[in-house]
Amino acid sequence: KNGKIVGLDGESPVSFEAVANEPYLVVFHRNHLAVMSSFPIDQGGDLDYSYNFTNRPTRVYGGSSAQKEISNGIWGMFGGDADGNGTININDKTNVWSFQAGEQGYFSGDFNLDAEVSNNDKNDLIIPNSNLQTQVPD
């Protein structure tokens, strides 16, 4: 709800058992294209890591082809990947969104995350983001 990645309880910091030297951060989301940091994440004190994807497209591997400017100077993930295969295309509309249209709640066809699968999701996210794919390497 505020752009921060948190634990499953919605508030606690995310923790990792072991971290590689100079790790890269990859963020997967249920219906957006995954993004990866273009630089290793910075280690703060007590093994706290911090990375800001939002302030410029060069912070993401693939640059502006991997992120969308969602408001002036604020960058975010491309929405519309309802089937989670790393590509936004007609299948996301035909196989997922069309079956969920009109539903309210936590659905993969709700690309703008307003808890409602509506034409806004299709018109504002699937259509303009069609034929995009994640830039995260295999």
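So the values come out like this:
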{"item": "Accessible area of the chain divided out per residue, in Å², using a probe of 1.4 angstrom", "result": "64"}
{"item": "Stretchable slack from Ile74 to Arg56, in nm (0.36 nm times residue separation minus alpha-carbon distance)", "result": "5.8 nm"}
{"item": "Nearest-20 debye value, the chain charge dipole, Cβ charges on Lys, Arg, Asp, Glu", "result": "420"}
{"item": "Pairwise FRET efficiency - Ser65 versus Phe39, Cβ, R0 = 25 Å, nearest 0.05", "result": "0.90"}
{"item": "Pairwise label distance in nanometres, Phe28 with Ile5, each label 7 Å out on the Cα-Cβ vector", "result": "1.2"}
{"item": "Longest segment of the chain lacking GluC sites (Glu not before Pro) that sit in a DSSP loop with at most 12 other Cβ atoms within 10 Å", "result": "18-138"}
{"item": "Sites Asn95 and Asn119, calculated FRET efficiency, Cβ-Cβ separation with R0 25 Å, nearest 0.05", "result": "0.90"}
{"item": "(1) 77, 35, 24; (2) 47, 31, 31; (3) 80, 28, 22, with the label sought being that of the calculated Cα extents along the principal axes in Å", "result": "(2)"}
{"item": "Surface share of carbon and sulfur [accessible, 1.4 angstrom probe, percent] for the chain", "result": "49"}
{"item": "Residue-level accessible surface for Tyr24, protein heavy atoms, 1.4 Å, Å²", "result": "120"}
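The values are calculated or read from the model by the stated rules, or taken from the named source; none is laboratory data. Computed from a predicted structure; not experimentally measured. Note: ideal-geometry Cβ built from the backbone for every residue, glycine included; neighbour counts use all protein chains shown. Accessible surface is based on the protein model in full, side chains and every heavy atom, while ligands, DNA and RNA are left aside. Shrake-Rupley method; radii C 1.70, N 1.55, O 1.52, S 1.80 Å.
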